[in-house]
C-alpha cells in the first residue's frame, strides 16, 4: 500500500524529543523529530550513514573539526564512521534517515524509544 505523508504535519503532532517513524525503505528507517535546547555527545554510527534534512528551523552540526550551519530545506549526509553531534539551541524539526537499528538511547540523548 502506498501512503502519502506530510513531514511538517507529522512532526507537529509529536512532542519534543519524540521520534516518529514515518516508514522504512530498503533497510532504512525514516524518523521525524522536534528538538529544542539539546546538544548530544559526539558519537559515531559504525554501520550506517545518517541523513539530516531540516524541515523547519536551524541548528549546528559539528563533525570532527568542522561545523555546518543547517537551516530549513538543507540536507546533509554524515558518512558512517564520522564522529558528529547536533548542537540545537532553538526549536528545530528534522527528518532523519538511518539504517534500521542505528538509533539507540546512547546516540539520541536517551529519547529514542522503539
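The values are calculated or read from the model by the stated rules, or taken from the named source; none is laboratory data. What you see is a predicted model, and the numbers here were worked out from it, not measured in a lab. Cβ coordinates were reconstructed from backbone atoms using ideal geometry, including for glycine residues, and neighbour counts include every protein chain displayed.
Some notes on this structure:
- Some residue of the range 42-55 being at pLDDT 95 or above and touching a helix residue (DSSP H, G or I) at 6+ places or on another chain (Cβ under 7 Å): yes
- Residue in the range 30-41 that is part of a strand (DSSP E or B) and over 12 Å from residue 94 (Cα atoms) present: yes
- Matching residues in the range 64-79 - criterion: being part of a loop (DSSP other than H, G, I, E, B) and out of contact with any strand residue (DSSP E or B) (no Cβ under 8 Å at 6 or more places or on another chain): 65, 79
- Only residues that are surrounded by fewer than 14 Cβ atoms within 10 Å (Cβ to Cβ) and within 11 Å of the chain's Cα centre (by Cα) were counted in the range 22-65, giving 0.
- Where residue 62 falls short, out of the listed (1) closer than 22 Å to residue 7 by Cβ; (2) out of contact with any helix residue (DSSP H, G or I) (no Cβ under 9 Å at 6 or more places or on another chain); (3) modelled with pLDDT of 95 or more: (1)
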